[in-house]
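In what follows, a structure is listed as C-alpha coordinates, so that the remarks can point back to it.
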Amino acid sequence: QVDMVESGGGLVQAGGSLRLSCAASGRTFSSYTMGWFRPAPVQSREFVARISWSGSETYYADSMKGRFTISRDNAKNTVYLQMNSLKPEDTAVYYCAASQFLRTEWWGQYHYWGQGTQVTVSS
(Lines give C-alpha, C1' and ligand atoms only; values in the text may rest on other atoms or scores of the structure.)
Protein backbone atom coordinates (compact mmCIF):
# COMPACT_ATOMS: atom_id res chain seq x y z
CA GLN A 1 0.00 0.00 0.00
CA VAL A 2 1.28 3.44 -0.96
CA ASP A 3 -0.51 6.60 0.09
CA MET A 4 0.41 9.80 -1.74
CA VAL A 5 -0.27 13.49 -1.28
CA GLU A 6 0.44 16.01 -3.99
CA SER A 7 1.26 19.67 -3.41
CA GLY A 8 2.71 22.65 -5.23
CA GLY A 9 -0.12 23.48 -7.57
CA GLY A 10 -1.42 27.00 -8.02
CA LEU A 11 -2.08 29.85 -10.41
CA VAL A 12 0.70 30.96 -12.74
CA GLN A 13 0.93 33.07 -15.85
CA ALA A 14 1.76 31.56 -19.21
CA GLY A 15 5.50 31.04 -19.51
CA GLY A 16 5.89 30.61 -15.78
CA SER A 17 6.99 27.63 -13.71
CA LEU A 18 5.70 25.41 -10.93
CA ARG A 19 7.20 22.51 -9.03
CA LEU A 20 4.82 19.79 -7.95
CA SER A 21 5.66 17.39 -5.16
CA CYS A 22 4.20 14.03 -4.29
CA ALA A 23 4.96 12.74 -0.82
CA ALA A 24 4.39 9.02 -0.38
CA SER A 25 4.09 6.82 2.64
CA GLY A 26 5.10 3.19 2.77
CA ARG A 27 8.39 1.42 3.04
CA THR A 28 8.20 0.11 -0.53
CA PHE A 29 8.05 3.50 -2.29
CA SER A 30 11.49 3.03 -3.80
CA SER A 31 10.36 -0.15 -5.59
CA TYR A 32 7.65 1.57 -7.66
CA THR A 33 7.67 3.31 -10.98
CA MET A 34 6.15 6.73 -10.36
CA GLY A 35 4.14 8.72 -12.85
CA TRP A 36 2.29 11.99 -13.26
CA PHE A 37 -1.05 12.20 -15.04
CA ARG A 38 -3.78 14.71 -15.75
CA PRO A 39 -7.40 14.21 -16.82
CA ALA A 40 -8.23 13.68 -20.49
CA PRO A 41 -11.70 13.63 -22.09
CA VAL A 42 -11.24 10.36 -23.99
CA GLN A 43 -8.70 8.24 -22.15
CA SER A 44 -9.65 9.19 -18.60
CA ARG A 45 -6.11 10.11 -17.56
CA GLU A 46 -3.45 11.59 -19.84
CA PHE A 47 0.11 10.46 -19.25
CA VAL A 48 2.55 13.27 -18.43
CA ALA A 49 5.80 11.66 -17.27
CA ARG A 50 7.20 8.64 -15.45
CA ILE A 51 10.38 7.73 -13.60
CA SER A 52 11.86 4.35 -12.77
CA TRP A 53 12.28 3.13 -9.21
CA SER A 54 15.96 4.11 -9.18
CA GLY A 55 15.46 7.42 -10.95
CA SER A 56 17.79 6.38 -13.75
CA GLU A 57 15.14 6.28 -16.44
CA THR A 58 12.55 8.93 -17.28
CA TYR A 59 10.00 9.21 -20.05
CA TYR A 60 7.71 12.05 -21.13
CA ALA A 61 4.69 12.65 -23.26
CA ASP A 62 5.70 14.43 -26.45
CA SER A 63 3.98 17.69 -25.52
CA MET A 64 5.92 17.84 -22.22
CA LYS A 65 9.39 17.05 -23.51
CA GLY A 66 11.81 19.88 -22.91
CA ARG A 67 9.40 21.68 -20.58
CA PHE A 68 8.76 19.23 -17.72
CA THR A 69 11.26 17.31 -15.62
CA ILE A 70 10.39 14.42 -13.34
CA SER A 71 12.68 13.41 -10.50
CA ARG A 72 12.53 11.51 -7.23
CA ASP A 73 14.23 11.35 -3.86
CA ASN A 74 13.75 7.89 -2.42
CA ALA A 75 15.25 8.94 0.90
CA LYS A 76 12.38 11.41 1.25
CA ASN A 77 9.75 9.19 -0.41
CA THR A 78 8.99 12.05 -2.76
CA VAL A 79 8.63 12.48 -6.50
CA TYR A 80 8.71 15.87 -8.20
CA LEU A 81 7.50 17.42 -11.42
CA GLN A 82 9.24 20.63 -12.46
CA MET A 83 7.02 22.40 -14.96
CA ASN A 84 8.52 25.20 -17.04
CA SER A 85 7.23 27.28 -19.95
CA LEU A 86 3.69 26.56 -18.86
CA LYS A 87 0.86 27.05 -21.31
CA PRO A 88 -2.85 27.66 -20.71
CA GLU A 89 -3.56 24.18 -22.09
CA ASP A 90 -1.52 22.73 -19.21
CA THR A 91 -4.31 23.79 -16.86
CA ALA A 92 -5.52 20.64 -15.10
CA VAL A 93 -5.50 18.64 -11.90
CA TYR A 94 -2.20 16.76 -11.75
CA TYR A 95 -2.08 13.34 -10.11
CA CYS A 96 0.89 11.27 -9.07
CA ALA A 97 0.60 7.52 -9.22
CA ALA A 98 2.61 4.39 -8.46
CA SER A 99 2.99 1.31 -10.61
CA GLN A 100 4.64 -2.06 -10.21
CA PHE A 101 5.25 -2.16 -13.96
CA LEU A 102 8.70 -1.17 -15.06
CA ARG A 103 7.71 0.89 -18.10
CA THR A 104 4.13 1.91 -18.68
CA GLU A 105 2.29 5.06 -19.69
CA TRP A 106 -1.18 3.54 -19.32
CA TRP A 107 -3.08 4.86 -16.30
CA GLY A 108 -4.75 1.46 -15.88
CA GLN A 109 -1.43 -0.06 -14.79
CA TYR A 110 -0.90 2.41 -11.98
CA HIS A 111 -2.26 1.00 -8.75
CA TYR A 112 -2.06 3.84 -6.26
CA TRP A 113 -3.11 7.45 -6.76
CA GLY A 114 -2.92 10.72 -4.93
CA GLN A 115 -5.83 13.14 -4.64
CA GLY A 116 -4.40 15.59 -7.16
CA THR A 117 -3.24 19.21 -7.15
CA GLN A 118 -4.74 21.94 -9.31
CA VAL A 119 -2.55 23.81 -11.79
CA THR A 120 -4.06 26.85 -13.49
CA VAL A 121 -2.15 28.73 -16.20
CA SER A 122 -3.53 32.09 -17.21
CA SER A 123 -2.94 33.62 -20.63
Residue satisfying condition, being at negative phi and modelled with pLDDT of 95 or more, within set S31, S99: S99
Hits in segment 54-75 - residues which are in contact (Cβ under 8 Å) with a residue 40 or more places away in the chain and touching a strand residue (DSSP E or B) at 6+ places or on another chain (Cβ under 8 Å): E57, Y59, A61
Members of segment 81-97 found to be more than 15 Å from F37 (Cβ to Cβ) and surrounded by fewer than 21 Cβ atoms within 10 Å (Cβ to Cβ), listed by number: Q82, N84, S85, K87, P88, E89
Candidate set from segment 76-100 (those that are without any contact (Cβ under 8 Å) to a residue 60 or more places away in the chain and not in a strand (DSSP E or B)); member that is farthest from A23 (Cα to Cα): E89
Residues (of a type in the set (G, A, S), within 15 Å of the chain's Cα centre (by Cα), at negative phi and surrounded by 14 or more Cβ atoms within 10 Å (Cβ to Cβ)) located in segment 3-17: G9
Subset tally (residues that are more than 14 Å from N74 (Cβ to Cβ), of a type outside the set (A, V, I, L, M, F, W, C) and open to solvent by 60 Å² or more (accessible area, probe 1.4 Å)) for segment 18-43: 4
Unmet requirement for F29, which otherwise passes all of (1) in contact (Cβ under 8 Å) with a residue 60 or more places away in the chain; (2) farther than 14 Å from M4 by Cβ: (2)
Extreme residue, surrounded by the fewest Cβ atoms within 10 Å (Cβ to Cβ), among residues of segment 44-63 that are under 22 Å from A75 (Cα atoms) and among the polar types (S, T, N, Q): S56
Selection count, segment 98-123, where residues are touching a helix residue (DSSP H, G or I) at 6+ places or on another chain (Cβ under 7 Å) and crowded, with 17+ Cβ neighbours inside 10 Å: 3
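The values are calculated or read from the model by the stated rules, or taken from the named source; none is laboratory data. All of these numbers come straight from a predicted model, not from anything done at the bench. We place every Cβ from the backbone using ideal geometry, glycine too, and count neighbours over all the protein chains shown. Remember, those area values only see protein heavy atoms, side chains included, never the ligands or the DNA or RNA. Shrake-Rupley method; radii C 1.70, N 1.55, O 1.52, S 1.80 Å.
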